[in-house]
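Colleague: Can you read through this structure? Questions will come right after.
The values are calculated or read from the model by the stated rules, or taken from the named source; none is laboratory data. Please read all numbers here as calculations on a predicted model, not as lab measurements. Reconstructed Cβ throughout: ideal geometry from the backbone, glycine too, with neighbour counts over all protein chains shown.
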Amino acid sequence: MSDRSGSTILAGLAIFGALMVAGCGDAPADPKQRAIRAACAQLTADAVPDRRRAVAELEKLLPPAAQAAGLDAEAIAQLRQVVADDRDDHVRAAAVRALGAVKDAQSWAAITARSSATEPQLRIEVLQALAAIDAEKARPLLIAALADGDGAVALVAASSLAQSAEGVAELIRRLGSNEGDRANLVSGLENSPLPAAHDALLAGLTSADSALRLAGIRVAARTRHAPSVPALVAIVRPNPGAKKNQGSTEEVQAAAEALSTIATPEALLALLVLSATDKSAEPLLKPHAEALQPIILAEAANPQRTVPAEIVVRYLLRDGRAEAQAALSALARPEVKELPDICRALRTAPAELRAQVAERLRKAIVPVNGRTADLLAALGHVGQAESGPDVELALGILNATNTEVAAIAATGQTSTPPPKGTIEPKEVSEKREHLRAKELLLVGAAQACARLKATAARPVFWELLASASGALVGAGVTGSLALGDSDSIERVAKMLQAPKVHSWVLMVHCKDALSSCHDPRMVPGLAPYLDGSERGQAYEIVASNGTTEAVTLMLSKLKDPAVPQDVKVHHIAPLMAGFGATGRPLFIAAIVAEPPPAKRGDPDPGWWCAEFLREQAAAAAPDVLAALQAGPRPTGAKAARFIHALELAGTEQAVSAQASWLNDADRAIATIALNSLLRQRRTGAIPAIRAALTATQPGPWHDRLEQALDTLSSPPKE
């Protein structure tokens, strides 16, 4: 006999014995009545846990006392006796709870007698039971218990009082006169279902009591109480002239969450204002994207707006509707700090809208001033391309400024700051700052001409490529590649091989422009940068090039033993995984032709390429399968590469190809194939596994196949 069977029989005997001890002749036919009798028999057991379980069982089984009769009434009477006589406070507490649950009025005296018990939990059960039996009669006891030395008991008293209108009135009176523990009084009111309690807490939103304010905030959120919004706004919004909010950090967060829950226009407007200084408010606004649209549009049109301009612009930029573009157009004024971002968002706006902004910008650009560079950059986004007043203006400033910068540079003056600690004459410093300002203006004009496709700017762009300033070289690269003609691309490619600025400066200023160019002629000039300190950015640029030449260059670095492993892991591999159809033929050639590593631990470019193909999943499978069928069947490391490359494909042909290695004489390769099929739970391989099992002699491999068959044939585990 098992231990479990023995335990079951013993339990059955115990219940049978309990029924016999209970007496009363035959056991009741009703299973529920039998269970009540068995529990009653355990009320006098020696072991405390048995008595506790018996009381808990009766609590679940007994009906309300008013409906009890016969054996039910006998059980309730026994529970009264337990309250009066049991030696264990926890058993008495459980019995009190059970009597409260059945609302037994005859237990009042026995339960009340325990109201001064030493054990706090028993006092708690007494209060809850009396309140359940007769709330009005229990009120004096509950009020007295508000002064209990144990906070948990006092809290239960407050919560019980809060279930009736008279009790709520008493709690409010005590709160107003500072009688008792305010925190317990507030918690009691917060747990009340009655409107009077909620009103008292909501009125406390303007109180000086932090606990009362927090409770009011929670009630406002729970009931979505729109009239509370002004008080909540006062908590989250700083006082005029003050840097801090009126509430504590906890209160501000709770009030912000309440405003997000209530979500009236006034509430959302307050959250928008808060988000300018408190980033934690931003997630609270995300669920209300649609409701925010009219609020943002109204703020954009309001000269006395409450929400900071940068917040308004940020939301308008996310809103692609025509109304948002019109609002952005109205905001696109020279004095607005976010002007370049606004104009960038207006690139796809109707031509009439862009023309209005461009005209406004042209008037602000002339005469040249401190903001001209930014204004020119913005004009490039909204101006009329190739010809017209916008091109003429940008080109005129470009040529004039380039002439000025060249003349200053011819004197030997540079904008490069002197070494730290160097003291130079004020005149020299002023000249440097003057040149720097001119260079910034030149960059702004070049950016505008690049975006406006001003072909007449080509000579200046080429001239800037030879500059000793990184910013000017960047402007030259951006402009030349934006025009995109063959001569300009050749000029940039040649400059990369012999730049006049430091390589990292070049990467900083030219990365975006170089990344946007997909011409193979750029690749040779980028190759040297892959070995420098700026290799991370250089690899990203090469990967963005996306040509076969770019893939070939990066693959050569992957094969190069001189390239550190961490560079391959962190810079090369993640970028190469993104090459699609362009890289696929080269990856397949590598898994076929690359020799296996000479020894364990040596780099294996073929395995890297198998991983790249694996990530392409079903898209790469036809080409991988074609290569597999085109040559002799691969073995060893090359076979492992093919299996790995096909792992995520999941097509019938790919699964069949993987399963074909299950009978391979090289058990290591067969194991790799089987593990791959199991990892992806390829149930389509079941026939092949069954066939391999039939063809295999008993032994470890036979057992392994059998286990795999069971795994794939069974439902997946949760």
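Colleague: Residues in the range 109-121: is at least one in a helix (DSSP H, G or I), within 20 Å of Glu59 (Cα to Cα) and under 45 Å from the mean Cα position of the chain (by Cα)? Before you say what the answer is, go through the steps one by one.
Modeller: We begin by selecting, within the range 109-121, every residue in a helix (DSSP H, G or I); these are 109-112, 120-121.
Those left that are additionally within 20 Å of Glu59 (Cα to Cα): 109-112, 121.
This time we only want the ones that are under 45 Å from the mean Cα position of the chain (by Cα), so: 121.
Within the range 109-121, one or more residues are in a helix (DSSP H, G or I), within 20 Å of Glu59 (Cα to Cα) and under 45 Å from the mean Cα position of the chain (by Cα).
Colleague: May I pose another question? Just checking, which of Val405, Val357 is in contact with a Ser or Thr (Cβ under 7 Å, 6 or more places away or on another chain) and either over 13 Å from Pro334 (Cα atoms) or in a helix (DSSP H, G or I) (or both)? Give the derivation first.
Modeller: Working: Val405 fails: in contact with a Ser or Thr (Cβ under 7 Å, 6 or more places away or on another chain).
Sole residue among the options that is in contact with a Ser or Thr (Cβ under 7 Å, 6 or more places away or on another chain) and either over 13 Å from Pro334 (Cα atoms) or in a helix (DSSP H, G or I) (or both): Val357.
Colleague: Farther than 22 Å from Thr416 by Cβ, of a type outside the set (D, E, K, R), in contact (Cβ under 8 Å) with a residue 60 or more places away in the chain and in contact with a helix residue (DSSP H, G or I) (Cβ under 6 Å, 6 or more places away or on another chain): does that describe Ala454? Quick ask: steps written out before the conclusion?
Modeller: Details: farther than 22 Å from Thr416 by Cβ: yes; of a type outside the set (D, E, K, R): yes; in contact (Cβ under 8 Å) with a residue 60 or more places away in the chain: yes; in contact with a helix residue (DSSP H, G or I) (Cβ under 6 Å, 6 or more places away or on another chain): yes.
The answer is yes for Ala454.
Colleague: Is it the case that some residue within the range 603-615 is at pLDDT below 90, over 22 Å from Gln565 (Cβ atoms) and not hydroxyl-bearing (Ser, Thr, Tyr)?
Modeller: no
Colleague: While we're on this one: Of the numbered conditions (1) under 28 Å from Ala47 (Cβ atoms); (2) crowded, with 21+ Cβ neighbours inside 10 Å; (3) at pLDDT below 90, Arg123 satisfies every one except a single condition; which is it?
Modeller: It fails just one condition, (3).
Colleague: Counting just the residues of the range 178-206 that are hydrophobic (A, V, I, L, M, F, W, C) and surrounded by fewer than 22 Cβ atoms within 10 Å (Cβ to Cβ), which one comes out farthest from the chain's Cα centre (by Cα)? Walk me through how you get there before you give the answer.
Modeller: Within the range 178-206, the first condition is being hydrophobic (A, V, I, L, M, F, W, C), and the residues that meet it are 183, 185-186, 189, 194, 196-197, 200-203, 205.
Filter once more, so that each one left must be surrounded by fewer than 22 Cβ atoms within 10 Å (Cβ to Cβ): 183, 194, 196, 202-203.
On the way: Ala183: 36, Leu194: 38, Ala196: 40, Leu202: 33, Ala203: 36 Å.
Per the criteria, the residue is Ala196.
Colleague: I would also like to ask the following. Go through (1) out of contact with any helix residue (DSSP H, G or I) (no Cβ under 9 Å at 6 or more places or on another chain); (2) in a loop (DSSP other than H, G, I, E, B); (3) closer than 22 Å to Leu530 by Cα and name the single condition Asp566 misses.
Modeller: (2)
Colleague: So, in the range 418-452, exactly how many residues are outside any helix (DSSP H, G or I) and either within 42 Å of the chain's Cα centre (by Cα) or among the hydroxyl-bearing types (Ser, Thr, Tyr) (or both)?
Modeller: Residues of the range 418-452 that are outside any helix (DSSP H, G or I), as a first pass: 418-425, 452.
The next check asks that each one be either within 42 Å of the chain's Cα centre (by Cα) or among the hydroxyl-bearing types (Ser, Thr, Tyr) (or both); those that pass are 422, 452.
Adding up the residues that qualify gives 2.
Colleague: Also, quick follow-up: Restricting to the range 587-609, name every residue that is of a type in the set (A, V, I, L, M) and in contact with an Asp or Glu (Cβ under 9 Å, 6 or more places away or on another chain).
Modeller: Initial filter on the range 587-609 (of a type in the set (A, V, I, L, M)): 588-593, 598.
Hit for the range 587-609 is Ile588, nothing else.
Colleague: Could you please find all residues in the range 659-682 being within 38 Å of the chain's Cα centre (by Cα) and surrounded by 13 or more Cβ atoms within 10 Å (Cβ to Cβ)?
Modeller: Ile672, Ala673, Leu674, Asn675, Ser676, Leu677, Leu678, Gln680, Arg682
Colleague: Looking only at the range 553-586, filter to residues that are of a type in the set (A, V, I, L, M, F, W, C) and touching a residue at least 40 places away in the same chain (Cβ under 8 Å); which one of those is surrounded by the most Cβ atoms within 10 Å (Cβ to Cβ)? Reasoning before the result, please.
Modeller: Step one: filter the range 553-586 for residues of a type in the set (A, V, I, L, M, F, W, C), giving 553-555, 558, 562-563, 567, 569, 572-573, 575-577, 579, 581, 586.
Next, only the ones that are touching a residue at least 40 places away in the same chain (Cβ under 8 Å) stay: 555, 558.
Values: Leu555: 23, Leu558: 20.
This residue is Leu555.
Colleague: Sticking with this structure for a sec: Report yes if Val492 is crowded, with 22+ Cβ neighbours inside 10 Å, within 23 Å of Arg347 (Cβ to Cβ) and of a type outside the set (Asp, Glu), otherwise no.
Modeller: Details: crowded, with 22+ Cβ neighbours inside 10 Å: yes; within 23 Å of Arg347 (Cβ to Cβ): no; of a type outside the set (Asp, Glu): yes.
Criteria not met by Val492.
Here is a yes/no grid of residues against (1) surrounded by 14 or more Cβ atoms within 10 Å (Cβ to Cβ); (2) modelled with pLDDT of 80 or more:
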position: Thr414; (1), (2): yes, no
position: Pro418; (1), (2): no, no
position: Thr422; (1), (2): no, no
position: Lys426; (1), (2): no, no
position: Glu433; (1), (2): no, yes
position: Arg451; (1), (2): yes, yes
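Colleague: Here are Leu361, Leu346: which of them is crowded, with 19+ Cβ neighbours inside 10 Å and modelled with pLDDT of 85 or more? Lay out the reasoning, then the answer.
Modeller: Numbers: Leu346 fails: modelled with pLDDT of 85 or more.
Testing whether each residue is crowded, with 19+ Cβ neighbours inside 10 Å and modelled with pLDDT of 85 or more leaves just Leu361.
Colleague: To continue, here is another question. Looking only at the range 495-523, which residues are among the small types (Gly, Ala, Ser) and either surrounded by fewer than 20 Cβ atoms within 10 Å (Cβ to Cβ) or over 16 Å from Val542 (Cα atoms) (or both)? Can you show your working first?
Modeller: In the first step, residues of the range 495-523 are kept if they are among the small types (Gly, Ala, Ser); the result is 498, 503, 513, 515-516.
Once the filter is applied, which keeps residues that are among the small types (Gly, Ala, Ser) and either surrounded by fewer than 20 Cβ atoms within 10 Å (Cβ to Cβ) or over 16 Å from Val542 (Cα atoms) (or both), the range 495-523 yields Ala498, Ser503, Ser515, Ser516.
Colleague: Moving on to the next point. Pull up the range 453-474, narrow it to residues that are hydroxyl-bearing (Ser, Thr, Tyr) and not in a helix (DSSP H, G or I), then point me to the one that is surrounded by the most Cβ atoms within 10 Å (Cβ to Cβ).
Modeller: Start the filter on the range 453-474 by keeping residues that are hydroxyl-bearing (Ser, Thr, Tyr), which leaves 455, 467, 469.
Next, from what is left, pick out any that are not in a helix (DSSP H, G or I): 467, 469.
Numbers: Ser467: 21, Ser469: 24.
Restricting to residues being hydroxyl-bearing (Ser, Thr, Tyr) and not in a helix (DSSP H, G or I), the top hit is Ser469.
Residue-by-condition table, conditions (1) in contact (Cβ under 8 Å) with a residue 24 or more places away in the chain; (2) part of a helix (DSSP H, G or I):
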residue	(1), (2)
Lys286	no, yes
Arg305	no, no
Ala327	yes, yes
Leu379	yes, yes
Ser387	no, no
Glu392	no, yes
Leu398	yes, yes
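Colleague: Could you run through the range 662-692 and say how many residues are assigned to a helix (DSSP H, G or I), among the basic types (Lys, Arg) and touching a residue at least 24 places away in the same chain (Cβ under 8 Å)? Don't jump to the end; show me each part of the working.
Modeller: Of the residues in the range 662-692, the ones assigned to a helix (DSSP H, G or I) are 667-679, 683-692.
Filter again for among the basic types (Lys, Arg), leaving 667, 679, 690.
Checking the rest, the ones that are also touching a residue at least 24 places away in the same chain (Cβ under 8 Å) come to 667, 679.
The total comes to 2.
Colleague: If Val477 meets every condition in (1) within 21 Å of His518 (Cα to Cα); (2) hydrophobic (A, V, I, L, M, F, W, C); (3) not in a helix (DSSP H, G or I) apart from one, which number is that one?
Modeller: Result: Val477 fails condition (3) only.
Colleague: Does Ala543 count as free of Cβ contacts under 8 Å to residues at least 40 places away in the same chain and part of a helix (DSSP H, G or I)? Spell out the reasoning first.
Modeller: Numbers: free of Cβ contacts under 8 Å to residues at least 40 places away in the same chain: yes; part of a helix (DSSP H, G or I): yes.
The answer is yes for Ala543.
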